[in-house]
Structure formats: structure tokens, C-alpha cells
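Below you'll find the structure, written out as C-alpha cells, and then a few comments.
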Amino acid sequence: MHNLTIKQMSEKLHAGEITSVQLTQHYLDRIAKYDGELNAYVTVTPELAMEMAREADERLQSGTAELLTGIPVAHKDIFCTDGVKTSCSSKMLDNFIAPYDAHVVTQLKKVGMPILGKTNMDEFAMGSSSESSYYGPTKNPWDHQAVPGGSSGGAAAVIAAGLAPMATGTDTGGSIRQPASFCGITGIKPTYGTVSRFGIVAYASSFDQAGPMTRSAEEAAWLLNAMAGFDERDSTSLQREGVDYAAELNQPLKGLKVGVPAEYFGEGLDPQVEKVVKDAIAEIQKQGAEVIEVSLPNKDLAVPSYYVLAPAEASSNLSRFDGVRFGYRCEKPKDLQDLYTRSRAEGFGAEVKRRIMVGAYALSAGFYDAYYLKAQKLRRMVRDDFTKAFEQCDVIMGPVAPTPAFNIGEKTDDPTSMYLADLYTIPVNLAGLPGLSVPAGFVNNRPVGLHIVGPYFSEAKLLNIAHQYQQTTDWHKQMPAQYQ
Amino acid sequence: MSLGKTEVEYISRLAAIAVKDDEVGEVAAKLSNILDLFAQMEAADTQGVEPMAHPLDQVQRLRRDVISETDQHEKLQSVAPSTSEGLYLVPQVIE
């Protein structure tokens, strides 16, 4: 059953050929069989899943079901889920049972998608490899020596290994697109504000954005339709009504203007990744698109700018973890200050502490102008580069990451080398633009994605391009042999 | 930029994160590397560029000043480390 497309699953559910209970049990069985080695789930919720599957079956029988009713889903462990542990893969929240649902969780409950469990991630979404999880690293289903990417590494791995048909993720600096690339699945980060942040444990609020992680672009469009929408509980939620992200899927690509930034193909890009990306662009060109060169001259300023701004926002957001109202509290605090500082020292992992400290420093008296304000100016310059480029082209294409998935442990001792590998995804978050990773090939049996970035609100166009590409290629249909 | 023990202690206070004596060296080294990355920003000419706080030029939405939350303190406090009679308990502050 896990080899069916979502469309086939939905048709069989609606025709009564299979039930949601059977489908959900099938995935729970696969999780029990395979997740011990993959470590892609932090929590599996079989009772909740089966209860929701029974409710979905009632809707399917009574004729009130929607397209995705009865299709199980896995939520990244950053989405608060009422009554379920929501850990953000941190010791700090290891004992945290969320008392309410994130907006995204509510939306997908309304559709009737049974929750299989919560997926592993980098602690508090700070990382690019899912190795900083308190629960240990997730393995890449294509190669157990490799990381699945991060921070939504668990979500990407469960889709690649067939341990969930659909998954949710979040992307602050590339955390949907990079693991999608490393695991050979499709993932889209929508325009900032498209999906409500309500109930998502905050990392950097002016960047955080949730999106779908699926096998195909068509499936991503359907899941995004269910996730997106205005929510008054998120002060930056966009008031746009009635957008159908699947509406343009079947548009031909004739006349599409694709911009390829020269700066993205320079030093540091693995030549084999470059070949995969260029072949993918050539395939899209064959379908009638026109390829032109564009320039994003300030791309090297994006990484330092982001690593000032995101930790600065994190240092503020994560001040709520104080050992008083929820989360970890240290043993035998000698006074209130000791309670705060030791609960935080013992509850947070090394990378999270680094980002909070560096963020607090960047905001401190004497350094604010040199770091924080400077970084905000660079943010505008990076955004203006895109604005200029989109005067010449409809979308921009390039690599998602400079290499395929690296080995577990390869970069853990050198955090800044991990930061620099985010150079293609981060500019998109600085600008708040939508970006997508679509499977485009392999290098040494490790998947590589093509990065497609568009102007604000161009999600339907990006999904259209990926869908058309997936009509003439089968990278998204491939599965690691041992999980078939 | 290379941070010393004094700076690490200062940052530890700002962040409200205790740093043990035997951790100072490694914390200083890794934070210094990150500050070296920040230094790459200096060379960029940002004269006349307005700081950008937010990706979309949005105005903060306001809502009517009416009660929108119900009393859920029992549920919300069920995840607290220590409570009594609806209050959060912490070590004694005033002798």
C-alpha cells in the first residue's frame, strides 16, 4: 500500500477498496519494523492514529470525506499536538505534553488525516543534519552512513522510507528544502505568512514558515491547500482567501523564463551536484522554458546576515524556557537565578546554547549597530537582488545544497562549516520568498534536489513546474531498495 | 575576534545560561568562530540602506480589545514543574 500515490490511495479509500484503518495500520506496522534503525520518529501515536482512522472511515462511508480524508500524516515534533509529547527534540521539552493544537494540526485534523506520530529533527530546528536531536540522529534511508539533512530530517526520512505517506515540516533557513534534497522527496517552503505559525515552537519568528513534505509536487499542492490559510492567532498570517495551490499544475511550461544565477555555480559546488542540477534545468528547457542568466551579487552576505538575525530572534523566543512554567527544571536549585541558568544549561543542547548566546551578544549594548542593524541592512540587499532578478525571469533555479548528504558526524565538530552549507537556501528565507526542492538525480547513491525559487505568492507556479518535470522524470518515484 | 573568559561570563549572564569552568575554553573558541563569520559583513557597503525587519511590508494587524481566551489554568499548569493553588512555585526570593 505504501507504494501507491496519494491519488491512488484516495481513490481506493473513496471506492471502499481499502479503509483508513487498514492503511493506517499498514504504516504503523512499517514504523514498528523499520524505525528502530532509522530513528525518524520521536513519538509514535498508534492509539490516536487508529481512533482518527476510524473517524475518517465513518466520513468516507457517509460521503462527507475530502481528497485527503483517511490519509495518515506525520507531524514534525515542533508542532504542538494536544495531549501528545511535543519535544522539539530537546531535553528541555522531553516532558512537555502540549495542552493545545498548532493551527496546522487543527487544519489537518479537520480534513481527517490520522496522526501517525511526531518526527525527529535538529533540536529547536537549529541545524542542517538532524544530529543535534536529544534523541540521537536520524539516518538517511538511502544510506545509513549519511545524515537525512535538517532540521526536518525525520520528516524527509519517513517519506523516503515509506513510513508515512505525507509529512509536515518547517523551514527557517532551509529546513524543508535541504532534507527534501538529501532524501529525494519534494518539499516546498511557501511565502512567509502563508501557513500560520500558531502552535509551532518558535525559533526565528520573522523567518519561520511551515510547509508540506511529500513524494510528488502534486501531493505537496494538496497538502499545502489543507495547511495554508489565514489565522488571526498569528499576527503575521496573510489574509489571502481561496487560493488553490493545485490550480496550475497542468499548465505547459512553454514560454517560462528561468533565471540561472551565475553566482550559484561557482567555487564550493560539488561538480557532480552541478551536473545533476544543470541536467534538470535542461529537461525543463526541453519542455519549452527559456533559460537566461541572472545575477544575485550579494549572495555571500546572506549566511552571516542570517546567523546574526536568526539567533538574535532565537535568544528572545527561547527566553520562555526558564524552568518555571513548563519544560525541564534542574534538581535542587539553590536560588531563583540558579534555577534559571542551570535549567537552561542542562536542558538545552550545545548548538541551541551557542545560538542563544551569540544572539544575545549581537543584541547587546555596544554591538547592536555593528551586528544586528548591519545584518538587517544586508537582509534588504539580498531581498533587492531577488526583486531585480524577477524583473527579468519568472523563477530562479539552482542547487539546494553544495553537496549531497554528508556523513553522520562529519561536520558536528565545526558548526560554522555546517552554517556555510546553507548558502543557497538562506537567501530565500531572508527575502521571505517561496522555494521548492524537487528530486533531480543521484550522486553516489545519495539524492540531489533542484531548487526552484519564485516571487512572492508564486507557490502554484513552482508546484506547476515541479509537477511538469515529474511527468517526464521518475526520480520522485524511486525508493531505497530495502524499504520497497 | 577571539573571546576570553570575561566575555564568555558576560555572554553567559546575558543568555541566562550557566557555563561551567571547564566548558569556557570550548564555548569561547566556537563563539569566536561564529563572530569571525559575522565579521564578513563589515566589508559590505550599506550606506543608505534601510534595515529590513520583516519580509513583507505589512502593517501589524490589530484586533478588538475583547476577551478571547477562556480560563484553562489547570490544563496549562498541568505541565509545570511545581505549582500550588494555581501559582507557580520557585525557590524563595525574599528572606
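The values are calculated or read from the model by the stated rules, or taken from the named source; none is laboratory data. Nothing here was measured: the structure is a model prediction, and the numbers come from that model. All Cβ positions, glycine included, derive from the backbone under ideal geometry; neighbour counts span all protein chains shown. Note: accessible area is taken over every heavy atom of the protein model, side chains too, but ligands, DNA and RNA are not part of it. Shrake-Rupley method; radii C 1.70, N 1.55, O 1.52, S 1.80 Å.
Just for chain A, what percent of DSSP beta bridges are antiparallel, to the closest 5? Don't skip to the answer; put the middle values down first.
On the way: 28 of 40 bridges.
Expressed as a percentage, antiparallel bridges in chain A total about 70.
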>> Under the rule a/c < 1.5 gives rounded, and otherwise a/b versus b/c splits prolate from oblate, where does segment A:17-69 land using the Cα gyration tensor?
In response: prolate
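Give me the net charge of A:Trp475's neighbourhood, meaning all other residues with Cβ under 13 Å from the Cβ of A:Trp475; Lys, Arg count +1, Asp, Glu -1. Can you show the working numbers first?
On the way: positive: A:Arg215, A:Arg446, A:Lys477; negative: A:Asp279, A:Glu283, A:Asp474.
Taking every other residue near A:Trp475 into account, the sum is 0.
Find the Rg to Rh ratio for segment A:368-484, where Rh is the Kirkwood radius over alpha-carbon pairs and Rg uses the same atoms. It would help to have the intermediate numbers written out before the result.
Values: Rg = 17.0 Å, Rh = 16.4 Å.
Computed over Cα atoms, the ratio is 1.04.
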>> Can you compute the equivalent ellipsoid semi-axes for chain B, i.e. the square root of 5 times each eigenvalue of the Cα gyration tensor, sorted largest first and rounded to whole Å?
In response: 39, 31, 11
>> For the pair A:Gln471/B:Glu23, report the inter-label distance in nm, with labels modelled 7 Å from Cα in the Cβ direction.
In response: 5.6 nm
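Give me the net charge of A:Ser206's neighbourhood, meaning all other residues with Cβ under 11 Å from the Cβ of A:Ser206; Lys, Arg count +1, Asp, Glu -1.
Working: positive: A:Arg197, A:Arg379; negative: A:Asp208, A:Glu313.
So the surrounding residues net to 0.
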> Local charge sum around A:Asp94 (other residues, Cβ-Cβ under 15 Å, Lys/Arg +1, Asp/Glu -1)?
Replying inline: +1
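From the alpha carbon gyration tensor of segment A:1-147, can you work out the equivalent ellipsoid semi-axes (sqrt of 5 times each eigenvalue) and give them in Å, largest to smallest?
Output for segment A:1-147: semi-axes of 28, 18, 12 Å.
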> Points 7 angstrom from Cα along the Cβ direction at A:Ala32 and A:Ser316: gap in nanometres?
Replying inline: 4.8 nm
>> What do you get for the angle between helix B:5-15 and the principal long axis of chain B? Use alpha-carbon atoms, 0 to 90 degrees, nearest ten.
In response: 30 degrees
>> At 7 Å along Cα-to-Cβ for each site, give me the label-to-label distance between A:Gln482 and B:Val93 in nm.
In response: 5.4 nm
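Give the ranking of A:Glu351, A:Glu51, A:Glu459, A:Glu37 by solvent-accessible surface, highest area first, calculated with a 1.4 Å probe. Before the final figure, lay out each step's value.
On the way: A:Glu351 25, A:Glu51 95, A:Glu459 0, A:Glu37 75 Å².
Listed by decreasing accessible area, they come as A:Glu51, A:Glu37, A:Glu351, A:Glu459.
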>> From Cα pairs below 8 angstrom and at least 6 apart in sequence, can you work out the relative contact order of chain B, rounded to a whole percent?
In response: 20 percent
> Considering only protein heavy atoms and a 1.4 Å probe, what is the carbon-and-sulfur percentage of the accessible area of segment A:299-379?
Replying inline: 52 percent
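Using the heavy atoms of the protein chains alone and a 1.4 angstrom probe, what is the accessible area of the protein assembly as shown per residue in square angstrom?
Working: 22610 Å² over 579 residues.
So the protein assembly as shown comes to 39 Å² accessible per residue, rounded to a whole number.
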> Looking at A:Asn298, A:Pro114, A:Ser62, which one has the Cα that reaches farthest to the positive end of the dipole of the protein assembly as shown (charges on Cβ: Lys, Arg +1; Asp, Glu -1)?
Replying inline: A:Ser62
> In Å², nearest 100, what accessible area do chains B and A bury in total when the solvent probe is 1.4 Å?
Replying inline: 5100 Å²
> Residues of segment A:132-146 with amide nitrogen under 20 Å from the 7 Å Cα-to-Cβ point of A:Asn445?
Replying inline: A:138-146
> How much mean residue ellipticity at 222 nm does chain B get from its helices, if each DSSP H run of length 4 or more adds -39500 (n - 2.57) and you divide by all residues, to the nearest 500 deg cm²/dmol?
Replying inline: -10000 deg cm²/dmol
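In terms of the ratio Rg/(2.2 N^0.38 Å) built on C-alpha atoms, what value belongs to segment A:299-379? Before the final figure, lay out the partial values.
Working: Rg = 14.8 Å, N = 81, 2.2 N^0.38 = 11.7 Å.
Cα Rg divided by the expected 2.2 N^0.38 Å: 1.27.
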>> Need the list of lysines near A:Lys299 for cross-linking: C-alpha distance under 22 angstrom, and skip anything on the same chain fewer than eight residues off.
In response: A:Lys189, A:Lys257, A:Lys275, A:Lys278, A:Lys374, A:Lys377, A:Lys388
> Can you list, bin by bin at 10 Å, the percent of alpha carbon pairs in segment A:148-220, starting at 0?
Replying inline: 24, 55, 21, 0
>> Only protein chains counted, 1.4 angstrom probe. Which residues of segment A:322-351 are at least 40 Å² less accessible in the assembly than when their chain is isolated?
In response: A:Val324, A:Arg325, A:Arg329, A:Leu336, A:Thr341, A:Arg344
> Rounded to a whole number, what is D in µm²/s for chain A from Stokes-Einstein with the Kirkwood radius over alpha-carbon pairs (37 °C, 0.692 mPa s)?
Replying inline: 148 µm²/s
